[in-house]
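Please read the structure below before turning to the comments.
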Amino acid sequence: MSRPVVIVKKGPRSRGGSPWIFANEIRMEQVKTLAPGSLVNVKGEDGRELGTGLFNAKSLIAVRLLASECGVAADAAFFAVRLSRALALRQAFYDKPYYRVVHAEGDHLPGLVIDRFGDTLTVQIGSAGMEALLEPLLAALETVLAPAAIILRNDAPNRALEGLPLYVRPAKGEGRRIQLEENGARYFADLTEGQKTGWYYDQRDNRAFIAGLAKGKTVLDAYSYTGGFGILAAHAGAKEVICLDSSAPALALAEESARINGLANSVKLQAVKADVFEELERLSAAGETFDIVVADPPPFVKSKKDLEAGARA
C-alpha cells in the first residue's frame, strides 16, 4: 500500500530545514481524513521530496518530520539507530547513566522525551505520530538499553492539543521511587507521581553553577521541588539552606536526599512547606536576607491570556 503524500505549499517551509510544518502551510483538503499519527511522505508543490513525517490534522503542527527522505520505515530498526546515536552522544558527556537520553526534535525523534535513571527509563510522548509508534519504540529500547523498567509518563497537558489521552503506566517493570546521581550528589525522584518525567535534567548545569558559588553562603531555594539546587548547594558547603515549596511529598524527597548525602547534621538545612509568594513576603517583612536566592518557578505565562498576571508574578 502506497504511503499518503502531504504537499507543502510554495513558501519558506518548502525550502526545508524546519522539523515542523504547520496546518496552514499544506494542502489540507487532500489529507484531512487521515488518522492522527499517520506516516506520510512530504513533498513540495514542485514534486521535490522533503522527507517522512508524522501527520495529525487535529494539531496546529500538522507534520513533524521524522526523516529527510521519503518512504522511511519507522520500525524497531529505525528507532534503534536513532536511540544508539543519542546514547553515544550522552555517553561522551556523562560517565554515569543519569541523563535525558532523547530530547525530541533535537535527536530527530519528534514528540519524544526519554529520561534515564540507571536501569529505569521514563518515556514521555507528546505527538499522535509517536504514540502510534510506541510498539516499535519499546522494542528498540529493549535492544539498545535493555532497561529493568520503563514508565510511560504520558500525562503532559500538551497531549490534549494532539487529541491524546492522559495516562501514567509502566510498560515494563514497576513504577517506583528511585535514586539518581548528578553533579556528585545523590537524589530521590518519584517517577510516577512526581512532576514531568520525575526529574529536571535540564537544570543540571545551572545547579552546578550555583553550587560553585555556595560554599559558606546562605541559600534560599524557592520552588525547590525535590531540592535539586538546595541539596547540591549544601553538598558544596553552604552553611544554611532553605528548600521552599508547596508540595509536602516533594520536600519529603528533598529531606531524604539530604540524609543519604550525609547533610542532615552537617549543615543547617530546612524544608519549608508554604506558598512561595506568601513566604517570600513574610521573610521580607521579617528582614531576612540570603547570600543566594534561587527561583525556578512553574510557568507563569502559558498563553497570551496569562500575560498580565504572569508579569505581576
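Helix 76-91 axis versus longest C-alpha principal axis of the chain: approximately 30°, rounded to the nearest ten. The residues of the chain present an accessible area of 50 Å² per residue when probed at 1.4 Å with all protein chains retained.
Against the chain, whose longest principal axis comes from its Cα atoms, helix 204-213 is set at around 20 degrees. For the range 170-228, chymotrypsin sites (Phe, Trp or Tyr not before Pro) are listed when DSSP marks them as loop and at most 15 other Cβ atoms sit within 10 Å of their Cβ; the list is empty. Heavy-atom accessible area for ARG259, with the other protein chains in place and a 1.4 Å probe, reaches approximately 140 Å².
Can you list the chymotrypsin sites (Phe, Trp or Tyr not before Pro) in the range 1-107 that are in a DSSP coil and have 12 or fewer other beta carbons within 10 angstrom?
PHE93
Counting Lys and Arg as +1 and Asp and Glu as -1, each charge on the Cβ, what is the dipole of the range 170-244 about the Cα centre in debye, to the nearest 20?
Values: 10 positive and 9 negative charges, 30 e Å.
It works out to roughly 140 debye.
Cross-link check: pairs LYS9/LYS58; LYS10/LYS302; LYS196/LYS302 evaluated at a Cα-Cα cut-off of 27 Å; pairs beyond the cut-off: LYS10/LYS302. With the simple spin-label model, which puts each label point 7 Å out from Cα in the Cβ direction, the SER303 to ALA23 separation comes to 1.4 nm.
Expressed in Å, the radius of gyration and Dmax of the Cα atoms of the range 1-86 are 12.5, 38.
Of all DSSP-defined beta bridges confined to the chain, some 60% are antiparallel rather than parallel. Taking the charge dipole of the chain about its Cα centre, with +1 at Lys and Arg Cβ atoms and -1 at Asp and Glu Cβ atoms, the residue from GLY262, ALA104, ALA286 reaching farthest to the positive side is ALA104. Across the options ASN56, ALA74, VAL40, the greatest Cα extent toward the positive end of the charge dipole of the range 1-88 (unit charges at beta carbon of Lys, Arg, Asp, Glu) belongs to ASN56. Dipole magnitude for the chain: computed about the Cα centre from +1 point charges on Lys and Arg Cβ and -1 point charges on Asp and Glu Cβ, it is near 700 debye. Surface composition of the chain: carbon and sulfur atoms hold 52% of the protein heavy-atom accessible area at a 1.4 Å probe.
When the GluC sites (Glu not before Pro) in the range 52-143 are filtered for DSSP coil states and for at most 11 other beta-carbon atoms within 10 Å of their beta-carbon, the remaining sites are GLU69.
Shape annotation for the range 42-162: C-alpha extents along the principal axes are 48, 29, 24 Å, from largest to smallest.
For the chain, the longest principal axis of the C-alpha atoms and the axis of helix 134-144 are separated by about 60°.
About its Cα centre, the range 77-133 has a charge dipole of approximately 140 debye under the convention of +1 per Lys or Arg Cβ and -1 per Asp or Glu Cβ, with nothing else charged.
Mind checking the full-extension length gain between GLU278 and ALA88? Use 0.36 nm per residue of separation minus the Cα-Cα distance, one decimal, nm. Let's see the in-between values first.
On the way: separation 190, 0.36 × 190 = 68.40 nm, distance 4.55 nm.
Once the chain is fully extended between GLU278 and ALA88, it gains 63.9 nm.
Diffusion of the chain by Stokes-Einstein, at 10 °C in a medium of 1.306 mPa s and with Rh set to the Kirkwood radius over alpha-carbon pairs, works out to 74 µm²/s.
The values are calculated or read from the model by the stated rules, or taken from the named source; none is laboratory data. What you are looking at is a predicted structure, and each value in this text was computed from that prediction instead of being measured. Neighbour counts run over all protein chains shown; Cβ positions are idealised from the backbone, glycine included. The accessibility values were calculated without ligands, DNA or RNA, using every heavy atom of the protein model including side chains. Shrake-Rupley method; radii C 1.70, N 1.55, O 1.52, S 1.80 Å.
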